[in-house]
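Let me give you the structure first, and then I'll get to my questions.
The values are calculated or read from the model by the stated rules, or taken from the named source; none is laboratory data. Computed from a predicted structure; not experimentally measured. Cβ atoms come from the backbone with ideal geometry, glycine included; neighbour counts cover every protein chain shown.
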Amino acid sequence: MPRVTNQVARHKKKKKIREEAKGYRGARSKLYRSAKNAVERGWSYSYRDRRRRKREFRRLWITRINAAARLHDLSYSQFMNGLRSAGVELNRKALADLAVRDPGAFGNLVAVARDALAE
């Protein structure tokens, strides 16, 4: 009876890892063990950072809204509270975009928020 090995599957597995490691420097792209370690680390970072990216964008939007609101002598929390009580339902992404691209429209929103706070 002939001896059976698992060469085909093993080569396929190694090739997959080496292809994933293309562009890595030195042994990390050439040697299987180093490549496997580097690729698995990269996968764990990408998994973590897909979640982190959402937090970082929210932080950026809040920073931009705060900066634009302070130009109109209003803090971020006062501005958001005013918008909420005025019934304006714009998310932070849209507000930050308005603050950067259309300061006039953002100024109108600040006026709406200020009126709602005064009531």
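For region 77-94, name all the residues that are part of a loop (DSSP other than H, G, I, E, B) and loosely packed, with under 14 Cβ neighbours inside 10 Å.
Step one: of region 77-94, the residues part of a loop (DSSP other than H, G, I, E, B) are 87-91.
GLY87, GLU89, LEU90, ASN91, listed by residue number.
I've got another one for you. Return yes or no: is ALA113 modelled with pLDDT of 95 or more and farther than 30 Å from LYS16 by Cα? Explain how you work it out, then say what you get.
Working: modelled with pLDDT of 95 or more: yes; farther than 30 Å from LYS16 by Cα: yes.
Judged against the criteria, ALA113 is a match.
How many residues does region 35-58 hold that are surrounded by fewer than 15 Cβ atoms within 10 Å (Cβ to Cβ) and either outside any helix (DSSP H, G or I) or touching an Asp or Glu at 6+ places or on another chain (Cβ under 7 Å) (or both)?
Residues meeting the conditions: 0.
Here's something else I'd like to know. Cβ-Cβ distance below 7 Å, separation of 6 or more or different chains: which pairs start in region 16-31 with a residue that is small (Gly, Ala, Ser) and end on one that is in a loop (DSSP other than H, G, I, E, B) and surrounded by 12 or more Cβ atoms within 10 Å (Cβ to Cβ)?
SER29/ALA21
Between a residue in region 84-99 that is at pLDDT 95 or above and any residue that is among the basic types (Lys, Arg) and surrounded by 16 or more Cβ atoms within 10 Å (Cβ to Cβ), which pairs come within a Cβ distance under 7 Å, given they are 6 or more apart or on different chains?
ALA96/ARG64; ALA99/ARG64
Follow-up. Among (1) among the aliphatic types (A, V, I, L, M); (2) surrounded by 15 or more Cβ atoms within 10 Å (Cβ to Cβ); (3) part of a helix (DSSP H, G or I), there is one condition LEU74 misses while meeting the rest; what is its number?
Condition not satisfied by LEU74: (3).
Out of all the residues in region 59-88, which are more than 14 Å from VAL100 (Cα to Cα) and either in contact with an Asp or Glu (Cβ under 7 Å, 6 or more places away or on another chain) or small (Gly, Ala, Ser) (or both)?
Of everything in region 59-88, those that are more than 14 Å from VAL100 (Cα to Cα) and either in contact with an Asp or Glu (Cβ under 7 Å, 6 or more places away or on another chain) or small (Gly, Ala, Ser) (or both) turn out to be SER75, SER77, GLY82, SER85, ALA86, GLY87.
Looking for whichever is under 27 Å from the mean Cα position of the chain (by Cα) and small (Gly, Ala, Ser) here; the options are ALA111, ALA9, ALA27, ALA68. Which one fits?
On the way: ALA111 fails: under 27 Å from the mean Cα position of the chain (by Cα); ALA9 fails: under 27 Å from the mean Cα position of the chain (by Cα); ALA27 fails: under 27 Å from the mean Cα position of the chain (by Cα).
Every option except ALA68 fails the conditions.
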